[in-house]
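In what follows, a structure is listed as structure tokens, so that the remarks can point back to it.
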Amino acid sequence: MPFAVTSCLDVAFWFTDRALNDREYLQPQKLHRLMYLAQAYFSVAYPGRKLMPAVFVTDEMGPVEPTVFHALAYGRPHMVESHPIPERVAHFLDSIWRRFGASTADQLTQRVNQHTPVAEAMGKGAGEEIAFEAMVTFYASEAATRRSGALPVDKVLRPRVMRSQDGKPVSVTAWRPKAAPKT
């Protein structure tokens, strides 16, 4: 199944631009935590889909995406062309920003590092890949129960606002059928 965006750099540029629009400097560590959360929550919100072609690995601070880490090591590169983000993905990223953007880099790092997939990978050492399947499982099940301090996806994503036939604003979310009872 295709990725929602073609490059992890497009997501990094979206968050960086959003921070600038809010007159905020986006620290690299905070950018990586936001990207990690976006990848995880996107796959919960849209089962079986990845937001971006990205792999997250541990460093001494928490999860990082190595391509973004190296590409942005000296600031935003001038020769890299970014691609437009589809509206649905921009709305999703906006939800991530609104939920977690006000947190400091240290707060996000502390929060994310306590989540099971990151904690287990960090326990193995620096440079360890954080398994995508573990991310999806954790944020889909454990976050829904809130045992770990992670938020369920419905508390992260904000509903889209559309207009009714009368022109009144209404909140809409994607229909998700309830799971069939286990027998």
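Comparison of F56, F69, F132 shows that the only residue that is in contact (Cβ under 8 Å) with a residue 40 or more places away in the chain, closer than 23 Å to R23 by Cα and not basic (K, R) is F69. One residue alone among H91, H83, H78, H70 is in contact with an Asp or Glu (Cβ under 9 Å, 6 or more places away or on another chain), surrounded by fewer than 18 Cβ atoms within 10 Å (Cβ to Cβ) and at pLDDT below 95, and that residue is H83.
Residue count for region 113-141 satisfying the condition of being among the hydroxyl-bearing types (S, T, Y), at pLDDT 90 or above and more than 18 Å from A54 (Cα to Cα): 1.
Determine whether R49 is exposed (fewer than 15 other Cβ atoms within 10 Å of the Cβ), within 15 Å of the chain's Cα centre (by Cα) and under 20 Å from A131 (Cα atoms). Against the criterion (exposed (fewer than 15 other Cβ atoms within 10 Å of the Cβ), within 15 Å of the chain's Cα centre (by Cα) and under 20 Å from A131 (Cα atoms)), R49 qualifies.
Within region 43-67, being outside any loop (DSSP other than H, G, I, E, B) and at pLDDT below 95 holds for S43, V44, A45, T67. Within region 7-28, the set of residues being more than 16 Å from I96 (Cβ to Cβ) and either within 15 Å of the chain's Cα centre (by Cα) or assigned to a helix (DSSP H, G or I) (or both) comprises S7, L9, L20, P28. Scanning region 1-59 for residues that are in contact with a strand residue (DSSP E or B) (Cβ under 7 Å, 6 or more places away or on another chain) and either farther than 28 Å from S141 by Cα or of a type in the set (A, V, I, L, M, F, W, C) (or both) yields V55, F56, V57.
The values are calculated or read from the model by the stated rules, or taken from the named source; none is laboratory data. Values in this document were obtained by computation on a predicted structure and should not be read as measured data. As a convention, Cβ positions derive from the backbone with ideal geometry for all residues, glycine included, and neighbour counts pool all protein chains shown.
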